[in-house]
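As structure tokens, the structure follows; a few thoughts come after it.
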Amino acid sequence: MTHDIGEIKTFISEQKNFYITGHINPDGDSIGSCFGLGLALEKLGKNVHVFMEPFHFKYDVIPGKHLMWDGIEQPTPDSVLICVDCADIGRLSDRAKELAETLPYSICIDHHYTNTNFAMYNFVDGTASSACEMVYRLLDSFVDLNHDIASALYAGMVSDTGGFRHAATSQDTLDVASKLMSLGIPFTEIYTELVHLRSFTEVKLLARILNSCSCIKDGQVVYACVSQEMMQNFENAPDATSQDLEGVVEILLNIRNARVSLLVYERDTKEVKISLRSRSVNVGAIAQHFGGGGHTLAAGATIKGQYSVFEVKDKILLLILEALN
């Protein structure tokens, strides 16, 4: 169940030591909500440690990296684990799972309708645009936001709404963005960095993907498979990593008449990642078939050590066709 926001604020006020994390393969919303919340708790005089997996350098535009935990100082027994932008415990890193099992207190702040309410306190709204919008609601009238906190939250909102284009963008979302902008944040720089700019490697990789993508069902489904080999040996550019694929599945959905886009790629030789986007089909339900989840129109999953990208692609396309029919 979702707990009363006042109850969560009271609990936070009474605690001193916090460890904040997001989901594996962190995106802009996960990073922005971790750092935005961390900076706010630091402003309240709390001891704050943020930890997450390595992320793309473009997210360096988000303030708060000084809060990153080195893993050396171990949590005290009374520490609180806060998980943001994470629907279930399976989406946490191994270190976060360990803390979830050992620390006595936990809070989850999330906007996925698939959330399992795995924490002691859960603040969840599946209609919210982003975890950062949820964090703003928590902090409103609780912490006086400053430039850095506002910049982090704005960055996450921009990232998860596709620059305020996605269907989850509401009047409340834009109202929050306006309030954050009023604090003098570099909103143009943040927006440009997260929405428009790409490295040369990313452009080279995107060209390969667009050249190899396919469609079925009269163009209603657009898909692409990316192997490790496709991410290597570019002319005048370094090899790509899975981080360089961010935003590609959205580009595939921009093809006219497309209702669903699918990107299947190898993170390494033992792990295949699925990214799904849609205009009308519940791709969150499709992702759940593979142990993943997300939103109705944006979801993903990870499959370890069983199938090639092409085998995974075939299995997912069958489910997409069933949903369309």
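Relative contact order of the stretch 14-92: 47 percent, from C-alpha pairs under 8 Å at least 6 residues apart in sequence. Summarising the strand pairing of the chain, around 45 percent of its internal DSSP beta bridges are antiparallel. The mean sequence separation of alpha-carbon pairs under 8 Å and at least six residues apart, normalised by the residue count of the stretch 175-325, gives a relative contact order of 16 percent. When DSSP beta bridges are restricted to pairs lying wholly in the stretch 207-325, around 80% turn out antiparallel. Highest-first packing order for the peptide set 214-220, 62-68, 119-125 is 119-125, 62-68, 214-220, based on the mean count of other beta carbon atoms within 10 Å.
Computed from point charges on the beta carbon alone (+1 for Lys and Arg, -1 for Asp and Glu), the dipole magnitude for the chain about its Cα centre is near 740 Debye.
Distance between the C-alpha centres of the stretch 16-74 and the stretch 247-269: 28 Å, rounded to the whole angstrom. For the chain, the relative contact order works out to 13 percent when only alpha carbon pairs closer than 8 Å and six or more residues apart are counted. Sorting 310, 187, 142 by accessible area puts them as 310, 187, 142; the probe is 1.4 Å, largest comes first, and only protein heavy atoms count.
Counting charges near residue 141 (Lys, Arg +1; Asp, Glu -1) among other residues having Cβ under 13 Å from its Cβ returns a value of +1. Comparing the stretch 97-166 with the 2.2 N^0.38 Å rule of thumb, its C-alpha radius of gyration ratio is 1.23 (two decimals).
When peptides 230-238, 161-169 are ranked by their average number of other Cβ atoms within 10 Å per residue, the highest-first order is 161-169, 230-238. Using a cut-off of 21 Å between Cα atoms, the listed pairs 9/46; 58/313; 9/65; 43/179; 270/313 include 58/313; 9/65 as exceeding that distance.
Taking all protein chains together and a 1.4 Å probe, the residues 111, 147 rank 147, 111 from largest to smallest accessible area. For the stretch 214-255, backbone nitrogen atoms closer than 20 Å to the point 7 Å from residue 203 Cα along Cα-to-C-beta are found at 231-252. Solvent-accessible surface of protein heavy atoms, probed at 1.4 angstrom with all chains present, puts 101, 246 in the order 101, 246, largest first.
The distance separating the Cα centre of the stretch 165-219 from that of the stretch 99-149 comes to 23 Å.
The values are calculated or read from the model by the stated rules, or taken from the named source; none is laboratory data. All values reported here derive from a predicted model rather than from experimental measurement. Quick reminder, even Gly has a Cβ in these numbers, built from the backbone with ideal geometry, and neighbours come from all protein chains shown. Quick note on the areas: whole protein, heavy atoms, side chains included, nothing else; ligands and nucleic acids left out. Shrake-Rupley method; radii C 1.70, N 1.55, O 1.52, S 1.80 Å.
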